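What follows is a single structure, written as structure tokens, with notes after it.
The values are calculated or read from the model by the stated rules, or taken from the named source; none is laboratory data. The structure displayed is predicted, hence computed values, not measured ones. A quick note on method: Cβ atoms are made from the backbone with ideal geometry, for glycine too, and the neighbour counts reach across all protein chains shown.
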2 protein chains.
Amino acid sequence: MKTASVVLSLAFVGVSAFAANDMQLLKKVKESGIKAIPQSQLELLKLVDDPNNPITEKKVELGKKLYFEPRLSKSGLISCNTCHNLGMGGADGVAAAIGHKWTANPAHLNSPTVYNSVLNKVQFWDGRSPHLEDQAQGPIQAGPEMAAPKELVVARVTSMPEYVEEFKSAYGDKVKIDFKLIADTIAVFERTLVTPSRFDDFLHGDLNALTPAEKEGLNLFVDKGCVSCHNDIGLGGTMQPFQVAKKYKFASLGGFQGDKNGMVKTPTLRNIEETAPYFHNGAIWSLADAVKEMGSVQLGINISDKESKKIVTFLKALTGDKPEVSYPILPVSTPKTPKPDMN
Amino acid sequence: MKTASVVLSLAFVGVSAFAANDMQLLKKVKESGIKAIPQSQLELLKLVDDPNNPITEKKVELGKKLYFEPRLSKSGLISCNTCHNLGMGGADGVAAAIGHKWTANPAHLNSPTVYNSVLNKVQFWDGRSPHLEDQAQGPIQAGPEMAAPKELVVARVTSMPEYVEEFKSAYGDKVKIDFKLIADTIAVFERTLVTPSRFDDFLHGDLNALTPAEKEGLNLFVDKGCVSCHNDIGLGGTMQPFQVAKKYKFASLGGFQGDKNGMVKTPTLRNIEETAPYFHNGAIWSLADAVKEMGSVQLGINISDKESKKIVTFLKALTGDKPEVSYPILPVSTPKTPKPDMN
């Protein structure tokens, strides 16, 4: 009996030690500036909502249609979802975005994920856009992306009575459907695309939500300093000094230099395993390689293969639950709908 | 009292006369060879199932993922749904299909709808394919479409453990995932894309399912002879003599001549209002114009503007209920997944 009791005590001490370590880790992570996606629906809504463009069910439904609407592009073939595919981590899985007339992004820029993009403090790689409402206006008009002038987009949408009715239903009968409102409505849908993960459960105090290997990776992630840029709720989404322009081994590809101050928007790490290839120009396909490259380029440290692998194990725990999206049936074109233009 | 009673009797006679006309119309339609989509789920399953490739829930779920899977294309950007968009009547809304490297279909062929394609007796405009399992192999490989060699498709799919597991779950642990099986699985999903409409309710005896104007259009549709090609459950889907090659005013566009006997697959008219532009080369955008053109070209008759408009009123009653499709979350690429190739 005595032996058994000793074993039991030891086991107990072991468990307690683990739990104490976990508590310590959680404390360290929180102090590092990382935050959880709120568990309460009300808190979450407060986080993602914009009082200037409040989320309503009708706007979300309409915004979803517009998000999947290829007729917002000049050709009638490219929708927001083409490059920000909700089935592929909210991105497109290619190095540089491909748009109208099979044109690659001129700066070889990689499409960032739409998931959790509401958590970014700014939008676009160079952070030139303050919020999703503004961001959504860009790719629709950009020549190498959807290539549609504002007037064409408005003419297409307003040519379909079903869209007009839905705008009235969402915004009131006197609504003026202009380009800004179309982009605003897409943004409302995008604001709902938040993906809580097991890591959030851990942050909320469920110490068993991560495996020991994931915790080890998380500990390294904080200790190595990754967290200095990848912090807050998005584990990214803020402007940071862009060492990549100078030292990154593929820096010449596309020649992107960040904003005028050499700053770049740190990508969110949520769902990062789903959004290869990595970096602004999509030149690195392996997440482990990306981690090592970031160590040397941004942090000036060496991250070993073994450490990188452990960090990747943690990063995979950031893959979140995606909102279920029923594929929308889009309104029917009418004789007034401007025709697709492939040129 | 007497007056009221007379009025009532007259009204009654009126209703009866209408009902008798409707019964007559229904009889005429049935005798013309048009058939309804079965109401019973068991009958419907028997209709769309293929004993060589039976429908199961697991195959449908996997087939849906593959249908939305852009990594089946060489570029990683084009899926079945790109040209056969489930939100746009199962087609793409452009004249000639656009594929890999922004290439238009060399014969300027228009993408047919995937909805109710299981009801076609043959597949492709020239009917060269006997069923969906065979058809699905074509566009994936075709240079101007998805441009992916079989080996690439198999390598992509089998590089992702989630797909391998789903194939095992659908077909058994010893499954060999080859190109044919991938296409077969897509076809199983497509077999479920049947869209019953109010017209089917009418055919099943609900005489009030169509409006008087729609019935008038239906009557004309049968009387004018449209039904001679657009018959059976699909209101189309059989090979018919292709007068269009000779007399159609846009025949030179693309130069398609039908099969070696000058026959062409009659398109289904189900959801036809959603799938402009019309004809094999997508040269006519107005459904009313298409009806008139078919009258003169195929039937050798003149259909007036007024008659055409009435027929279109009926055709719009063929717009059916689409199955609800939850947008699939696709498996994550792995280091073994062959990379996208834009060239």
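What are the residue pairs meeting all of these: first residue in segment A:182-194, first residue among the basic types (Lys, Arg), second residue assigned to a helix (DSSP H, G or I), Cβ atoms under 6 Å, and 6 or more apart or on different chains?
Between residues of segment A:182-194 that are among the basic types (Lys, Arg) and residues that are assigned to a helix (DSSP H, G or I), the close pairs are A:ARG191/A:VAL48; A:ARG191/A:VAL118.
Quick one: how many residues across segment B:37-54 are hydrophobic (A, V, I, L, M, F, W, C), in contact (Cβ under 8 Å) with a residue 12 or more places away in the chain and surrounded by fewer than 18 Cβ atoms within 10 Å (Cβ to Cβ)?
2
Any residue that is of a type in the set (A, V, I, L, M, F, W, C), in a helix (DSSP H, G or I) and closer than 30 Å to B:ASN261 by Cβ - is there at least one of those in segment B:159-166?
Looking through segment B:159-166, none of the residues is of a type in the set (A, V, I, L, M, F, W, C), in a helix (DSSP H, G or I) and closer than 30 Å to B:ASN261 by Cβ.
Quick check on B:MET294: is it away from chain A (no Cβ under 14 Å) and touching a residue at least 60 places away in the same chain (Cβ under 8 Å)?
Here the answer is yes, as B:MET294 does meet what is asked.
Which condition does B:LYS292 not pass, out of (1) over 30 Å from A:THR103 (Cβ atoms); (2) outside the structural domain of B:HIS230 (by TED's automatic domain parsing); (3) of a type in the set (Lys, Arg), if it passes all the others?
(2)
Before we move on, is A:LEU62 buried (at least 23 other Cβ atoms within 10 Å of the Cβ), of a type outside the set (D, E, K, R) and assigned to a loop (DSSP other than H, G, I, E, B)?
no
What's the total number of residues in segment A:101-129 that are on the phi < 0 side of the Ramachandran plot and either in a loop (DSSP other than H, G, I, E, B) or of a type in the set (A, V, I, L, M, F, W, C) (or both)?
The total comes to 19.
Is there a residue being among the basic types (Lys, Arg), touching a helix residue (DSSP H, G or I) at 6+ places or on another chain (Cβ under 6 Å), surrounded by 22 or more Cβ atoms within 10 Å (Cβ to Cβ) and at pLDDT 95 or above anywhere in segment A:253-269?
Checked segment A:253-269: no residue is among the basic types (Lys, Arg), touching a helix residue (DSSP H, G or I) at 6+ places or on another chain (Cβ under 6 Å), surrounded by 22 or more Cβ atoms within 10 Å (Cβ to Cβ) and at pLDDT 95 or above.
Quick one: would you say B:VAL60 is in the same structural domain as B:GLU151 (by TED's automatic domain parsing) and modelled with pLDDT of 95 or more?
So B:VAL60 passes the test.
Considering (1) among the β-branched types (Val, Ile, Thr); (2) modelled with pLDDT under 95; (3) touching an Asp or Glu at 6+ places or on another chain (Cβ under 8 Å), say which one B:ILE34 fails and leave the rest.
Tallying (1) among the β-branched types (Val, Ile, Thr); (2) modelled with pLDDT under 95; (3) touching an Asp or Glu at 6+ places or on another chain (Cβ under 8 Å), B:ILE34 fails exactly one: (2).
Is it the case, given these coordinates, that A:GLN123 is of a type in the set (S, T, N, Q), out of contact with any Gly (no Cβ under 9 Å at 6 or more places or on another chain) and more than 14 Å from chain B (Cβ to nearest Cβ)?
The answer is no for A:GLN123.
Pull up segment B:300-316, narrow it to residues that are outside any helix (DSSP H, G or I) and among the aliphatic types (A, V, I, L, M), then point me to the one that is farthest from the other protein chains (Cβ to nearest Cβ).
B:ILE301
Evaluate segment B:130-141: report whether one residue or more is at pLDDT 95 or above, in contact with a Gly (Cβ under 7 Å, 6 or more places away or on another chain) and not basic (Lys, Arg).
no
Select, from A:SER169, A:SER159, A:SER111, the only residue that is of a type in the set (Gly, Ala, Ser) and closer than 22 Å to A:ASN281 by Cβ.
The unique qualifying residue is A:SER111.
Inside segment B:270-283, can you point out the residues that are under 18 Å from the mean Cα position of the chain (by Cα) and either over 21 Å from A:THR337 (Cβ atoms) or within 14 Å of chain A (Cβ to nearest Cβ) (or both)? Even if it seems obvious, please write down each step before you answer.
Going through segment B:270-283, the residues under 18 Å from the mean Cα position of the chain (by Cα) turn out to be B:270-282.
Scanning segment B:270-283 gives B:ARG270, B:ASN271, B:ILE272, B:GLU273, B:GLU274, B:THR275, B:ALA276, B:PRO277, B:TYR278, B:HIS280, B:GLY282.
For residues in segment A:55-103 being free of Cβ contacts under 8 Å to residues at least 24 places away in the same chain and over 18 Å from the mean Cα position of the chain (by Cα), which is nearest to the other protein chains (Cβ to nearest Cβ)?
Among those residues, the one meeting the criterion is A:TRP102.
Run B:VAL332 past the list (1) modelled with pLDDT of 95 or more; (2) crowded, with 20+ Cβ neighbours inside 10 Å; (3) hydrophobic (A, V, I, L, M, F, W, C) and report the number of the one that doesn't hold.
B:VAL332 satisfies all of (1) modelled with pLDDT of 95 or more; (2) crowded, with 20+ Cβ neighbours inside 10 Å; (3) hydrophobic (A, V, I, L, M, F, W, C) except (2).
Assess whether B:SER308 counts as being more than 16 Å from the chain's Cα centre (by Cα), free of Cβ contacts under 8 Å to residues at least 24 places away in the same chain and buried (at least 21 other Cβ atoms within 10 Å of the Cβ).
Here the answer is yes, as B:SER308 does meet what is asked.
I'd like to know if segment A:248-266 contains one or more residues that are free of Cβ contacts under 8 Å to residues at least 24 places away in the same chain, within 14 Å of chain B (Cβ to nearest Cβ), among the basic types (Lys, Arg) and on the phi < 0 side of the Ramachandran plot.
No; the residues of segment A:248-266 include none that is free of Cβ contacts under 8 Å to residues at least 24 places away in the same chain, within 14 Å of chain B (Cβ to nearest Cβ), among the basic types (Lys, Arg) and on the phi < 0 side of the Ramachandran plot.
For segment B:317-343, give me the residue count where each residue is more than 30 Å from A:VAL94 (Cα to Cα) and within 9 Å of chain A (Cβ to nearest Cβ).
2
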